[in-house]
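**Student:** Got a structure for you, questions after.
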Amino acid sequence: MEKVLVFLFIALLAVAYAAPNPRGIIINLENGELCVNSYQCKSQCCHHDSALSLSRCTAKARENSECSTKSIYEVYYKCPCESGLTCNANKTLVGSLTNTNFGICQDVGRSKQ
């Protein structure tokens, strides 16, 4: 039994090392690939155009671009801002539930100067 387990472990390691690309099937998805949740995407943004459209991984919003605040659903009509930027949006309970809290990405440090 131990020999079988050792053999299976070695076979699993061989398959893992033979894989040419660390890209995942369920997580670590590239931009443009289908997603269900932002946690699946390398960019951390799962975006869709309408409630009936397919969601795809896409880049986060840049400075002066439209953005959404963080959503409980983790699927966005407008992606959240890149790191270091803040989404200046009207944050309401209704907007949070309907995923319509849209705003503009701004660098808070630069706007204070």
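**Student:** So which residues in segment 56-81 are in a strand (DSSP E or B) and open to solvent by 90 Å² or more (accessible area, probe 1.4 Å), if there are any at all? Write out each step before concluding.
**Tutor:** Taking segment 56-81 as the starting set, the residues that turn out to be in a strand (DSSP E or B) are 56-57, 61, 66-68, 76, 81.
Within segment 56-81, ARG56, GLU66 qualify.
**Student:** SER53 fails exactly one of the following numbered conditions: (1) in contact (Cβ under 8 Å) with a residue 12 or more places away in the chain; (2) open to solvent by less than 50 Å² (accessible area, probe 1.4 Å); (3) outside any strand (DSSP E or B). What is the number of that condition?
**Tutor:** Going through the list (1) in contact (Cβ under 8 Å) with a residue 12 or more places away in the chain; (2) open to solvent by less than 50 Å² (accessible area, probe 1.4 Å); (3) outside any strand (DSSP E or B), SER53 breaks only (1).
**Student:** Within segment 82-113, how many residues turn out to be outside any loop (DSSP other than H, G, I, E, B) and either open to solvent by 60 Å² or more (accessible area, probe 1.4 Å) or at positive phi (or both)?
**Tutor:** Of the residues in that region, 11 qualify.
**Student:** Can you report the number of residues in segment 44-66 which are among the aliphatic types (A, V, I, L, M) and modelled with pLDDT of 95 or more?
**Tutor:** Residues that pass the stated criteria total 3.
**Student:** Also, quick follow-up: For segment 24-42, which positions are assigned to a loop (DSSP other than H, G, I, E, B) and either within 19 Å of ILE72 (Cα to Cα) or in contact with a strand residue (DSSP E or B) (Cβ under 9 Å, 6 or more places away or on another chain) (or both)?
**Tutor:** Listed by number, the residues that qualify are ILE27, ASN28, GLU30, ASN31, GLY32, GLU33, CYS35, VAL36, ASN37, LYS42.
The values are calculated or read from the model by the stated rules, or taken from the named source; none is laboratory data. The shown structure was predicted, so the numbers you read here are calculated from the model rather than taken from an experiment. Note that we place each Cβ from the backbone using ideal geometry, even for glycine, and neighbour counts take in every protein chain shown. Please note that ligands, DNA and RNA were not included when accessible areas were found on the heavy atoms of the full protein model with its side chains. Shrake-Rupley method; radii C 1.70, N 1.55, O 1.52, S 1.80 Å.
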